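First comes the structure, then the notes that go with it.
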Amino acid sequence: MSSPAEGAHPADGRPTTGVLVVVGDLLEDIVVWATEPIRAATDSASQVFRSRGGSAANVAAHAAALVPTRFIGRVGDDGAGRALEAALAATGVDVRVQRAGRSGAVVLIVAPDGERTMFPDRAAAAELERVDPGWLDDAAWLHVPSYGFEHEPMRGEVRRLVARARDRGATVSIDASSTGLLETLGVERVLGWLADLRPDVLFANETEAALLGVARGGDVAASVARRVVVKHGPWPTEVFDAASLVERVPVAPVASVRDLTGAGDAFAAGYIAAARSGADATACCLAGHALAASVIATPGGDVNGG
């Protein structure tokens, strides 16, 4: 498929220098793999893993092997926060964090089929505020998971960072992140924020896209982002520019799916890194698929597999 008549998307075909900046959560993941069907109100056999997590931190960690990457966030002024910061830095990310309060964590219950239920306690991660403007120096692309909009003061600060990045000429992407999050915030409210922020790329899986009303492109999709990338699990990923479907990219079969945690984060990292190198929409999706496939057989979304 070809691009719409008004021309190629600004992230296509233009290699860029500068830093990918990811803003959001850096948390501990406590991943529970159920090894039998989950039985309510009694014991269920499991394996338990602990790892560095957080949607934004996952994107940064995966991208750092491919492009210069910086993370901006907040952790607790505690041992957990220092350990999380060190673990993220060890992946090659330039980590810029505020430290105060208590570090957050997410408990993830993963069923035998790979689907997961999450219980987040973002704690200090949701309290990001008054970010040093210098932390955006050399930013060429700013990526924000929608978890950053869940609570104030972080919500307002993220919106300010998007505006500052735009003023500096950076490309902006936002991930829809979670249907539960979107429903809690209110779909119309989120659509209003997206229309105001107008990201260059909005990532969503098929249930998030359906909830937002952008699953088939159309006027809503055109109003909230210049490009909407809709992931359909093992089925082809669809790319909409303005109101039009411009690409449908098949997903290569994957031998084993055990834990879908972080697959969307890995996809975003692969897609963005490819876009930064000047790849077109198809190549960007293929890069995202490949990176996502690398995490779904291991616990959690950490590049080291928990």
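Values in this text are rule-based calculations from the coordinates and carry no lab data. The shown structure was predicted, so the numbers you read here are calculated from the model rather than taken from an experiment. Neighbour counts are summed over all protein chains in view; Cβ atoms, including those assigned to glycine, are modelled from backbone coordinates with ideal geometry.
Loop-located trypsin sites (Lys or Arg not before Pro) across the stretch 146-246 with a Cβ neighbour count of 15 or fewer within 10 Å are 168, 216, with loop assigned by DSSP. Under 5 Å from the amide H of residue 46 lie the amide H atoms of 35, each residue being 5 or more positions distant or on a separate chain, with H modelled from the backbone and absent for Pro and chain starts.
Pull up the DSSP beta bridges for the stretch 149-248 and report the antiparallel fraction as a percent, rounded to 5. Here the antiparallel bridges make up roughly 55 percent for the stretch 149-248.
So if each residue of separation counts as 0.36 nm, and I subtract the Cα-Cα distance between residue 138 and residue 77, what length gain in nm does that give? Don't skip to the answer; put the middle values down first.
Values: separation 61, 0.36 × 61 = 21.96 nm, distance 2.77 nm.
Difference between extended and current length: 19.2 nm.
Were the residues from residue 166 through residue 130 laid out at 0.36 nm apart, the gain over their Cα-Cα distance would be 11.2 nm.
Can you sort 190, 59 from fewest to most other Cβ atoms within 10 Å of each residue's own Cβ?
190, 59
Annotation for the stretch 33-91 versus the stretch 199-247: alpha-carbon center distance of 27 Å.
Of the residues 230, 201, 220, the one that moves most in a GNM of the chain with alpha-carbon contacts below 10 Å is 220. Estimated purely from DSSP H runs of n ≥ 4, each contributing -39500 (n - 2.57), the mean residue ellipticity at 222 nm for the chain is -9000 deg cm²/dmol once divided by its residues. An ellipsoid equivalent to the chain, defined through the eigenvalues of its Cα gyration tensor, has semi-axes of 28, 23, 18 Å when rounded to whole angstrom and sorted largest first. Longest exposed-loop-site-free stretch of the chain, with GluC sites (Glu not before Pro), DSSP loop and at most 12 other Cβ within 10 Å? Value returned for the longest uninterrupted segment is 116-306.
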